[in-house]
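One structure is given here, and the rest of the page talks about it.
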Amino acid sequence: MTESFDHSALLRLIDERSAAFRRAAAPDLDAPVPSCPGWTLFDLVRHLGTGRRWWAAIVAVGPAESPDKDTAVAPDEPEALLAWYAEANELLLSVLREAGPGRACWTWWSAGVSPANAWGVARRRVHELLVHTYEAQLAASVVELMPAAVALDGVAEFLDTCNSTPAAWPYEPATLHYHAAEGRSWLALDEIGAWPAPLKDDHAAASASAAGTAEELLLFVWGRRTLGDLRAEDDPQVFERLIAWEPEDVARPRPAGRVGGRRRGRQGGVRLSVRAARSRCAPVR
C-alpha cells in the first residue's frame, strides 16, 4: 500500500475539495450531471451529504458493525441543502480529527490492503470528493485540472481499496500496469488474490497496460472514462474481466512478501465487485 498523505493532510484535502465542490454546485442545483445520467447537482449534493453523515457515525462508533444509514431527510430548498451539506462535511472532519488516524472502524474493504481505520476512511472520502467535484464542475462547465499529486494517490487508493482481495483470480495469472505521467502503479492478479503495489524497475511484464495522466487514470478506474480514452496496450480483456469480477467474500493469509493491509477480522466487511465500486453515482460507499 502506498501512503502519500498523512491524516492531517487528508483532512485538509477534504476541506479544500469540499469547498471546490460547493463552489461548482451552488449556482444551479438543477443542472444535470453528464456523468451521472438522470442526476442533477441537487442529487449529487444530497448523495455526498448523506455519505458524510454515515461515515462520521461509523468512525465515531469504532470497531463495530456498520450503523444504519442516517435517516435525516435532506432539505429541499437549495440554500438549506448547501448548508446541510456543509454541516455534514464539518461533522465528518470533526469526528476524523478527534479519532486520529489509527482508530479502527467498520469498513467494506477490510479484506484488502486499505486499513480499516479512520485514516483509510479519510483517504477514501478525499478521492470520492475529488471525483464528484470533477462531476460538479463538468455540470457547471467550469472543469479545473485536479491536483496531480492527489489524483495520483487517487489511482493508488482505488487499487488498494477496490482492487485488492485474497480471493483467487479465476483466470490465467495476469499483471496490469497503470502508467501515469506523474508516477506508476501496478496490479498482480493470481491464484492468491489481487495485490496492488508500486511499479519497480524490475517489474514483471504486463499482460495489459493503460497510460495517461493521473487524472485520466483516476477517472477511468472510477468509471468516468473508458479504456478507449487512454493509451492501452496488450490484452484489453484483462481490464474487462477485472471490472466484471465479483470475488468471493473470503479471508486468507496474505502471501509472504506482500505488503500492508489486514485480514478480515471479527468486524466483518463486504467485498464489492469492481463494477459496483466504480459505477456511476452508486449508493454511498
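The values are calculated or read from the model by the stated rules, or taken from the named source; none is laboratory data. As the structure is a prediction and not an experimental result, all values here were calculated from the model. Every residue, glycine as well, gets a Cβ built from its backbone with ideal geometry; the counts of neighbours run over all protein chains shown. Ligands, DNA and RNA are excluded from the accessible area calculation, which covers all protein heavy atoms including side chains. Shrake-Rupley method; radii C 1.70, N 1.55, O 1.52, S 1.80 Å.
Per residue, the accessible area of the range 15-115 comes to 44 Å² when a 1.4 Å probe rolls over the protein heavy atoms. Working note: Karplus 6.51/-1.76/1.60 with θ = phi - 60° gives the range 205-210 the couplings 5, 7, 6, 7, 9, 9 Hz, where Gly and Pro are set to x. Rounded to the nearest 10 square angstrom, PHE239 shows an accessible area of 10 square angstrom against a 1.4 Å probe.
Per-residue 3J(HN,Hα) values for the range 96-103, derived from phi via the Karplus relation 6.51 cos²θ - 1.76 cosθ + 1.60 with θ = phi - 60°, read 5, 5, 5, 5, x, x, x, 5 Hz in sequence order (x marks Gly and Pro).
Taking amide H as placed 1.01 Å from N in the peptide plane, the amide H of ALA211 sits under 5 Å from that of HIS179, ARG231, ALA232, each at least 5 places away or on another chain.
In plain terms, the chain from ASP229 to GLU87 could stretch by 47.4 nm, reckoned as 0.36 nm per residue minus the Cα-Cα distance. Remark: the range 162-231 carries 40 Å² of accessible area per residue (probe radius 1.4 Å; ligands, DNA and RNA excluded). Backbone N atoms of the range 57-101 closer than 12 Å to the 7 Å Cα→Cβ label point of ASP6 belong to residues 101. Residues whose amide H lies under 5 Å from that of TRP109, counting only those 5 or more places away or on a different chain, are VAL270; hydrogens are built 1.01 Å from N in the peptide plane.
Per-atom-type breakdown for the range 1-157 gives carbon and sulfur 54% of the accessible area (1.4 Å probe, protein chains only). With R₀ set to 30 Å, the beta-carbon distance separating GLU172 from ASP201 gives a calculated FRET efficiency near 0.75.
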